[in-house]
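See structure below.
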Amino acid sequence: MARRKIIAGNWKMNMTPSEAVKLCAELKDLVKSDDADVVYCVPAIDIVPVVEAVKGTNVEVGAENMYFEEKGAYTGEISAAMLKDAGVKYVIIGHSERRDYFKEEDALLNKKVKKAIEAGLTPILCCGESLEQREMGVTMDWIRLQIKSDLVDVTADQVKELVIAYEPIWAIGTGKTATTEQAQEVCKGIRDCIAEMYDDATAAAVRIQYGGSVNARNAAELFAQPDIDGGLVGGASLKADFGKIVNYK
Ligand code: PGA
């Protein structure tokens, strides 16, 4: 069975609640699609108004982060159950900005992945190498390590529902996209890694996105690759261009 494309915006720390509602209205008709799942991953404070603003449309809402504990004394954190109750379907876990600026490590991310799944959320698990790692030739070793560590104790059936985003750190927000060949090569490498860890059926089912300076011009070529099932889009998800990315064909 062909995998359904999934195109997700990662708004990062952009859009006040009122700006968010306006953006949803502007994008509403542009992001209509029968072929792809469309997701807006938004700042926590925008979740409630955005869930309301996209009601009756094809857009699903995602969070950009969550904490793995059930509830309690974790000031400033948001639980999976809170996200679920608010109408969230997806949650980005392990974005390179969280790994880098907030020192989130694989053991923590593994707990988040498991908790998200348990709560009925779909993790968008991010991985990716730095420029130094690419230049040293250890890209795939590094990404395999991330994937294996982040998926400890996650079952094949759970992985089938998962979304993995390959985002080379050097391509994020830099305007420097990985070449189509580089992106396809790593996305295939991730799929091979899943096949080794689980089985071919699981590898064939898991959806793998490319992220890193995706825009209206490069989306079609990237998303046409056999192992690239859509994109995680930062900057270009905040403007009308996102509609062109969703309707890349
Ligand atoms: P970018 O961000 O599209 O602005 O490069 C992608 C991401 O960080 O998810």
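The values are calculated or read from the model by the stated rules, or taken from the named source; none is laboratory data. It should be emphasised that the depicted structure is a prediction, and the values quoted were computed from it without experimental measurement. Neighbour counts are summed over all protein chains in view; Cβ atoms, including those assigned to glycine, are modelled from backbone coordinates with ideal geometry. The accessibility values were calculated without ligands, DNA or RNA, using every heavy atom of the protein model including side chains. Shrake-Rupley method; radii C 1.70, N 1.55, O 1.52, S 1.80 Å.
Points worth noting:
- Residue 244 - accessible surface, heavy atoms, 1.4 Å probe, Å² rounded to 10: 120 Å²
- Segment 59-97 and segment 162-209 have Cα centres lying 23 Å from one another.
- Phi-based couplings in Hz for segment 161-166 (Karplus 6.51, -1.76, 1.60; Gly and Pro marked x): 8, 6, 10, 10, 10, 8
- Phi angles across segment 176-188 convert, under the Karplus curve 6.51 cos²θ - 1.76 cosθ + 1.60 with θ = phi - 60°, into 3J(HN,Hα) values of 9, 7, 4, 5, 4, 5, 4, 5, 4, 4, 6, 4, 5 Hz, Gly and Pro given as x.
- Long-range HN-HN contacts of residue 124 with modeled amide H, under 5 Å: 91, 92, 93
- The heavy atoms of residue 102 present about 120 square angstrom of accessible area, all protein chains included, probe 1.4 Å.
- Average silhouette area of segment 5-246, convex hull of alpha-carbon atoms, in square nanometres: 12.1 nm²
- For the chain, the relative contact order comes to 22 percent (Cα pairs under 8 Å, sequence separation of at least 6).
- Our summary gives segment 152-249 a relative contact order of 32 percent, counting only alpha carbon pairs under 8 angstrom and 6 or more residues apart.
- Residue pairs, from the table 32/115; 148/239; 103/244; 115/160; 103/249; 22/112, whose Cα atoms sit over 27 Å apart: 32/115; 148/239; 103/244; 103/249; 22/112
- Accessible-area ranking of 170, 11, largest first, probe 1.4 Å: 170, 11
- Per-residue HN-Hα couplings for segment 15-21 [Karplus 6.51, -1.76, 1.60; θ = phi - 60°; Hz; x = Gly/Pro]: 5, 6, x, 6, 5, 4, 5
- Here residue 16 sits with roughly 60 square angstrom of accessible surface, probe radius 1.4 Å.
- Solvent-accessible ranking of 104, 69, 161, largest area first, probe 1.4 Å: 161, 69, 104
- Check: the chain dipole with +1 on Lys, Arg Cβ and -1 on Asp, Glu Cβ, in debye: 560 debye
- Over the chain: helical MRE at 222 nm, DSSP H runs n ≥ 4 each giving -39500 (n - 2.57), nearest 500: -11500 deg cm²/dmol
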